[in-house]
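K.L.:
I have a structure here, written as structure tokens, and I will follow up with some questions on it.
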Amino acid sequence: MKRSSHADSLSILAQNSRRNLISIALGILLLFFSCNLPAQQTKASESAVKATYLYNFSRFVQWPADVASAKGSSFSICVLGEDPFGSVLDTTLSGESIGGKAVVAKRVTKSQDAMDCHVLYISASEDGRLKEILAGMDKSGTLTVSDIPQFSQRGGMIQFVLVGNKLRFEVNLANAQAAGLTLSSDLLKVAVTVRKSSQAGD
């Protein structure tokens, strides 16, 4: 009887330990993805935070093997439209690698030039032609990111949003899955909103 009680106690301790480890891991991940912006933020500081996000997103997304190989020998994070990053993005990505590929920053002017991109940041300057851009990227296997209003409800995958003074993000899981991308559950856990429909308003 005592042995059974002792075994039960060990089992409970093990379960509590696992829960604590999971809580700690999620806490670290949330801090990792919850970037504080200065009270009087500058464009440079905001761009640096977003550049870091773009790289970190890439670490929590899985591309189909055929898509990944078709995109070339480097891992491209691209900017479409007016570039808000300047050299900050290049500096952030310098020396980094994902899946054995060197991470590089590229600038493109139209969606047709972004087919080799793994991640595409769509600048706010492209708001007026967003529908056309996303239609051009359909089935390209590219993770689309932007801070254009309602981006995640207009066909985009990850949208930057401000929550207080923290730069956070929301995800449209349906749009990502339609492109063949697998987003880590860890990434989804720290998103402000996870939309599971491609329809606006859901």
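The values are calculated or read from the model by the stated rules, or taken from the named source; none is laboratory data. Predicted model only: the values in this text are computed from it and were never measured. Cβ coordinates were reconstructed from backbone atoms using ideal geometry, including for glycine residues, and neighbour counts include every protein chain displayed. Surface areas here come from the heavy atoms of the whole protein model, side chains and all, with no ligands, DNA or RNA. Shrake-Rupley method; radii C 1.70, N 1.55, O 1.52, S 1.80 Å.
K.L.:
Where in the range 121-195 are there strands (runs of 3 or more DSSP E), lying fully within it, with 2 or more residues that are of a type outside the set (Lys, Arg) and over 18 Å from residue 83 (Cβ atoms)?
P.N.:
Working: elements: 143-146, 158-163, 166-172.
It comes to 158-163, 166-172.
K.L.:
Could you grab me the full set of residues in the range 134-146 that are in contact with a strand residue (DSSP E or B) (Cβ under 6 Å, 6 or more places away or on another chain) and either surrounded by fewer than 20 Cβ atoms within 10 Å (Cβ to Cβ) or among the aliphatic types (A, V, I, L, M) (or both)?
P.N.:
As a first pass, look at the range 134-146 and keep what is in contact with a strand residue (DSSP E or B) (Cβ under 6 Å, 6 or more places away or on another chain): 142-146.
Listed by number, the residues that qualify are 143, 145.
K.L.:
Restricting attention to the range 98-124, report how many residues are open to solvent by 50 Å² or more (accessible area, probe 1.4 Å) and over 19 Å from residue 49 (Cα atoms).
P.N.:
9
K.L.:
Let me ask something else. Scan the range 147-173 residue by residue and report those that are open to solvent by 20 Å² or more (accessible area, probe 1.4 Å) and either touching an Asp or Glu at 6+ places or on another chain (Cβ under 7 Å) or at positive phi (or both).
P.N.:
Residues satisfying the conditions are 150, 155, 161, 164.
K.L.:
So residue 201 ticks every box in (1) on the phi > 0 side of the Ramachandran plot; (2) modelled with pLDDT of 95 or more but one. Which box is left unticked?
P.N.:
Of everything listed in (1) on the phi > 0 side of the Ramachandran plot; (2) modelled with pLDDT of 95 or more, residue 201 misses just condition (2).
K.L.:
Please verify whether residue 59 is out of contact with any helix residue (DSSP H, G or I) (no Cβ under 8 Å at 6 or more places or on another chain), surrounded by 11 or more Cβ atoms within 10 Å (Cβ to Cβ) and either over 24 Å from residue 113 (Cβ atoms) or at pLDDT below 95 (or both), treating the condition exactly as stated. Before the answer, list the steps.
P.N.:
On the way: out of contact with any helix residue (DSSP H, G or I) (no Cβ under 8 Å at 6 or more places or on another chain): yes; surrounded by 11 or more Cβ atoms within 10 Å (Cβ to Cβ): yes; either over 24 Å from residue 113 (Cβ atoms) or at pLDDT below 95 (or both): yes.
Yes.
K.L.:
Of (1) more than 12 Å from the chain's Cα centre (by Cα); (2) closer than 22 Å to residue 52 by Cβ; (3) of a type in the set (A, V, I, L, M, F, W, C); (4) at pLDDT below 95, residue 151 satisfies all except one. Which?
P.N.:
Failing condition for residue 151: (4).
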